[in-house]
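Peer 1: Once you've had a glance at the structure underneath, I'll fire off some questions.
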Amino acid sequence: MSTTAPNGVLPPIPEGFALPFYYGTFTNLGVDYLVPKDRAALLLKECAPNAELSVATFDGKACLSFNYQMYFAQFAHGGSVIQEIELNIVSYPTVARQRVPELTYKQYAFGEDQTRALGFCRHRVACDSPLAIEAGEKLFGEPKFRADFEVTLPVPNANPTTAPGPSTGGETVVADTWKVACVKHRHGEDGAGGDPHFSFTADLRNIRAETVSTAPFTEYGSRERGESVRALAAPLNVFQPYQWYDLAKAEKRVALKLGEVPDARIKRFVEAIGTVEPVGAWLHQSPPVAAQNRPYYLPGE
């Protein structure tokens, strides 16, 4: 396999890595906010300083989006469950301005940008796996750092009605309610439990989900090339449709909370959202591939 292209379009793959990277299972919940464009532009300058990316707009508003991921990664010598959360600015390559379609937010959410020029510029990525952090930084130029997570998720192995909440509160969660806390990594200690960078609760009960075709997602990062820093684009293919929830007319469904001493970039991102309510949420959960069923007693003699 060639690691680069003669014309320099494909950056070399660092030693010890291989692409594509395959996900064994994938749970992904994203939430979108429409905010004034100038707020998003200030954030974009931090992760795309060379003006190679521009802020996308939908009816004059920019879109800030965060998405939580939990996935199983299979490696040659074993596997690992990895969690991360991306804080994204929906952007496009400046040179492709004439190719970017003018869309409403809902058209964008339904995947009508078939150019896939509209994508996620990662402003900050928190992750609990050193291996995934290294891969994200070296391969895709992600601004990634170590954090832990405390979550309560409506997954198939949870009680369909309620489940215990994270150690920080002991709350219960009903089906279709997601609770995610991104907390500071506790060096030298097992598990999470550090002070939160930020947390959110998303209550998607009783909202009709619509099936949408949004993948592949184009994700933007930046990486050194010679003496300069260049923007990168990489597609993430999810092989099944997403479920999209229209939150624009729903009562308050997402509670977003900033920690007292959060990561600096996370702080700026959450403050840019401010008091704006989300307009949509999108969800993918890999279907189960096997199940261990209830046992039964063998008949006695």
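Peer 1: Give a quick list of trypsin sites (Lys or Arg not before Pro) in region 227-274 that DSSP marks as loop, anything other than H, G, I, E or B, with at most 15 other Cβ atoms within 10 Å.
Peer 2: LYS249, LYS252
Peer 1: Could you grab the Rg to Rh ratio for the chain? Cα atoms only, Kirkwood for Rh. Intermediate results must be reported in sequence, preceding the final value.
Peer 2: Numbers: Rg = 20.0 Å, Rh = 20.5 Å.
Reported Rg/Rh, Kirkwood definition of Rh: 0.98.
Peer 1: Here is a follow-up. Could you name the aspartates and glutamates whose alpha carbon sits less than 19 Å from that of LYS138, not counting residues in the same chain fewer than 8 places away?
Peer 2: Straight-line reach from LYS138, under 19 Å: GLU15, GLU46, GLU84, GLU86, ASP128, GLU219, GLU224, GLU227.
Peer 1: Excluding residues on the same chain fewer than 8 positions from LYS257, give the aspartates and glutamates whose Cα lies under 15 Å from its Cα.
Peer 2: GLU150, ASP195, ASP203, GLU271, GLU277
Peer 1: Counting only the heavy atoms of the protein chains, how much of GLU271 is accessible to a 1.4 Å probe, in Å² to the nearest 10?
Peer 2: Ignoring ligands and nucleic acids, GLU271 comes out at about 100 Å².
Peer 1: How big is the antiparallel share of DSSP beta bridges in the chain, given as a percent to the nearest 5? Each step should come with its number before you reach the end.
Peer 2: Working: 80 of 86 bridges.
In the chain, approximately 95 percent of DSSP beta bridges are antiparallel ones.
Peer 1: Here's another thing I want to ask about it. Count neighbours as other Cβ atoms within 10 Å of each site's Cβ, and list the chymotrypsin sites (Phe, Trp or Tyr not before Pro) in region 204-301 that are DSSP loop with at most 15 such neighbours. Let's see the in-between values first.
Peer 2: Numbers: sites: PHE217, TYR220, PHE239, TYR242, TRP244, TYR245, PHE269, TRP282, TYR296, TYR297; in loops: PHE239, TYR296, TYR297.
Those satisfying the criteria are PHE239, TYR296, TYR297.
Peer 1: Something else about it: When DSSP beta bridges are limited to those with both residues in region 1-156, what percentage is antiparallel, rounded to the nearest 5? Can you show the working numbers first?
Peer 2: Numbers: 37 of 40 bridges.
Of those bridges, close to 90 percent are antiparallel.
Peer 1: Under 16 Å Cα to Cα from LYS106, which lysines show up? Leave out anything in the same chain fewer than 8 places away.
Peer 2: Once the sequence-local lysines are set aside, what remains near LYS106 is LYS61, LYS249.
Peer 1: A follow-up question, please. Taking all protein chains in place and a 1.4 Å probe, what share, in percent, of the accessible surface of the chain do carbon and sulfur account for? Before the final figure, lay out the partial values.
Peer 2: Details: 8610 of 16540 Å².
Summing carbon and sulfur atoms, their accessible area is 52 percent of the total for the chain.
Peer 1: Let me ask something else. Using a simple charge model, +1 on the beta-carbon of Lys and Arg, -1 on the beta-carbon of Asp and Glu, nothing else, what dipole does region 1-119 show about its Cα centre, in debye to the nearest 20?
Peer 2: Values: 8 positive and 11 negative charges, 42 e Å.
Dipole about the Cα centre, nearest 20: 200 debye.
Peer 1: Quick one: work out Rg over Rh on the C-alpha atoms of region 26-72, Rh as Kirkwood radius. Don't skip to the answer; put the middle values down first.
Peer 2: Working: Rg = 12.9 Å, Rh = 12.0 Å.
A ratio of 1.08.
Peer 1: Something else now. Determine the calculated [θ] at 222 nm for the chain from helices alone, applying -39500 (n - 2.57) to every DSSP H run no shorter than 4 residues and normalising by the residue count; nearest 500 deg cm²/dmol.
Peer 2: Calculated mean residue ellipticity at 222 nm is -3500 deg cm²/dmol.
Peer 1: Be a star and scan region 123-145 for residues whose amide nitrogen sits under 14 Å from the point 7 Å along the Cα-to-Cβ vector of ARG230.
Peer 2: The answer is 140-141, whose backbone nitrogens lie closer than 14 Å to the label point.
Peer 1: Averaged per residue, what accessible area in Å² does the chain show with a 1.4 Å probe, protein chains only? Before the final figure, lay out each step's value.
Peer 2: On the way: 16540 Å² over 301 residues.
Value for the chain: 55 Å² per residue.
Peer 1: A follow-up question, please. Can you give the three extents of the C-alpha atoms in region 175-301 along their principal axes, from longest to shortest, in whole Å?
Peer 2: 79, 44, 38
Peer 1: Ok, one more. Could you tell me the relative contact order of the chain? Use alpha-carbon pairs under 8 Å, at least six residues apart, and round to a whole percent.
Peer 2: Values: 618 pairs, mean separation 54.3, N = 301.
So the answer I get is 18 percent.
Peer 1: Further question: I'd like the accessible area for LEU53: 1.4 Å probe, protein heavy atoms, all chains in place, Å² to the nearest 10.
Peer 2: 10
The values are calculated or read from the model by the stated rules, or taken from the named source; none is laboratory data. Since the structure is predicted, the reported quantities are computational estimates derived from the model, not experimental observations. As a convention, Cβ positions derive from the backbone with ideal geometry for all residues, glycine included, and neighbour counts pool all protein chains shown. The accessibility values were calculated without ligands, DNA or RNA, using every heavy atom of the protein model including side chains. Shrake-Rupley method; radii C 1.70, N 1.55, O 1.52, S 1.80 Å.
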